[in-house]
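Since the structure comes first, as structure tokens, the remarks are kept for the end.
Each value in this text was obtained by applying a stated rule to the coordinates, not by laboratory testing. Please read these numbers as outputs of a predicted model, since none were measured by experiment. Neighbour counts run over all protein chains shown; Cβ positions are idealised from the backbone, glycine included.
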Amino acid sequence: MLRRCLQTGWLILLLTLLTVSAQADSIEKLIMPGPVILGHAKVENQCNKCHQVLSSASRNPLCLDCHDKVAGDIKTQHGLHGLTKGLDQKECQSCHIEHKGRQADIVKLDERMFSHQQTDFPLQGAHKNVNCMQCHASGKKYRDAPGQCHTCHEKNPHEGKLGKECANCHSQTTWTVMKFDHDKTKFKLLGKHNEIACDSCHINNKYKNVPVDCFSCHSVDDVHRGKNGKECAKCHNTTAWKKLKFDHDKDTKFKLLGRHKEVSCVSCHPKDPYKVKIETTCISCHKADDKHNGQYGDQCQTCHGTEKWGKTHFNHNRDTKFALTGKHEKAACNSCHKGSLKAKVAKECIACHKFDDVHKGNKDTKCQSCHTTDNWKSNIMFDHDLSKFPLIGLHATTSCDDCHATKQFKGTTKKCNDCHGKDDLHKARLGINCEQCHNPNGWKVWKFDHNKQTKFKLDGAHKKIDCYACHTSPAPKGIALGQSCGACHRKDDPHNNQFGQMCQQCHDTTTFSNIHMNR
């Protein structure tokens, strides 16, 4: 009996404790001061993750169970939480106050009051003036900001080729002022060497056993291709590579005059100049440039100088019997001189211009009678008025090609109809002697008197009729019309020719209907 009572008592006690615990959890939820931040939302209903029920002990261990990186900083004394003195005596919630809502920022710092000296990266030199957001990217935790030079300065002129220990040469005061002094090494930087980038010589960040002879670096720049040896300093200096100590005029038997001063050495010295003797004649170098193909000999200096190859000493007007005028001055020598200089060249125009003769030999060979050397096609001196066909009126303004289409001047017709046949509105019904009515001053300016210029006077009604009423057919060989009335009026004869063709015995030209029977 006693045993049963004890069992019942223990059961009642256990149920009581469970009820109290459940009630306590429900009470905590009921008295929650507000929603937690978005990062804690998943444990909002698990109060015991952050709170110890019915306990006044520090809650820091519960915070650090989740925030293990902060716990690591405190343990190793790194970062803000590990370096801030007295932080171990404070509760997390004294700085990070929860239950302020989902969007609350419980880790926000007062940038004006915050001391960066309490971090692993104290701000020194130029870093003091840098905006926070340049290192602390938006949306990232403060502790995640990098602390190495190269992470921020990765866009450096060395492109990472000199390693990541920027502080070996640079300071935080100013990036361009370096602590490293190359002159304290075994290779002082003189002249242009002072201006080149480090990685030009220190390839792949190699600093030890870097060669110090010129050829090791400048072999790719060696225009001599090793033919002049490797002692570059004998001729070159560090101030300017192209400014040489070697004096060709003093140190050789061939002075460099005119354009020779500007040509590259290898143009004349294709092989080792110390072993291979170089010819000093012009043709030995300029044979490939000889436009004369050797026909003028090999004494180039007779005509050419060293200042300008195209400017020669030779004066054609002075030294020959054929003065070069007009376009002849610009013509290439081999345009006329096809053979050697000793070969005789004809001086007549046609000798050279035979293929340019558009007249095909129809004119004489004295081209200069009409043409000049200034311009072959203009300023022609030919006077057409001295020919058998003087140019009068509009003919004087007509292009030569309009009449001389074939460029053959001999045998050109002088008849109007040969040129103007296509313009003949009469279609040859008035004959082909256009000049009887028209003149060169204007095609439409014409004058013809039928009564004076023909044997058939126009009187009466004949004055008013159209020319083509009588001139009905082309008359290329001349006009031959009958002058009798019947020649034109036979088809109009109501008498059917029973009275003959002497119409004028009864009719006159005033009107056909008036009859004079008394004639």
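Figures for the structure shown
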item: Phi-based couplings in Hz for the range 358-371 (Karplus 6.51, -1.76, 1.60; Gly and Pro marked x); result: 6, 7, 6, x, 6, 9, 6, 8, 8, 4, 5, 4, 10, 9
item: On Cα atoms only, tilt of 2-30 relative to the major axis of the chain in degrees; result: 40
item: In sequence order, calculated HN-Hα J values of the range 444-456 (Karplus, 6.51, -1.76, 1.60; Hz; x Gly/Pro); result: 8, 8, 10, 8, 9, 10, 4, 6, 8, 9, 10, 9, 10
item: Under 26 Å from Lys407, Cα to Cα: lysines that are on another chain or at least 8 residues apart; result: Lys327, Lys347, Lys354, Lys360, Lys363, Lys366, Lys377, Lys388, Lys415, Lys422
item: Options (1) 1.02; (2) 0.99; (3) 1.46 - which one matches Rg/Rh (Cα atoms, Kirkwood Rh) as calculated here; result: (3)
item: Set of lysines near Lys463 by C-alpha distance (under 26 Å), chain-local residues within fewer than 8 positions excluded; result: Lys427, Lys444, Lys447, Lys452, Lys455, Lys477, Lys491
item: Only Lys, Arg (+1) and Asp, Glu (-1) charged, at Cβ; the chain dipole about Cα centre in debye; result: 1520
item: Selection from His516, Leu62, Ser171, by position along the positive dipole direction of the chain (Cβ); result: His516
item: For the range 98-105, Karplus couplings with θ = phi - 60° (6.51, -1.76, 1.60), whole Hz, Gly/Pro x; result: 8, 6, 9, x, 4, 9, 5, 10
item: Test item: Cα-centred dipole of the range 59-147, Lys/Arg +1 and Asp/Glu -1 on Cβ, debye; result: 160
item: Proximal lysines to Lys100, defined as alpha-carbon separation beneath 30 angstrom and excluding residues fewer than eight positions away on the same chain; result: Lys29, Lys42, Lys49, Lys69, Lys75, Lys85, Lys90, Lys108, Lys140, Lys141
item: Extreme residue, positive dipole direction of the chain, given options Asn497, Tyr296, Pro390 (C-beta unit charges); result: Tyr296
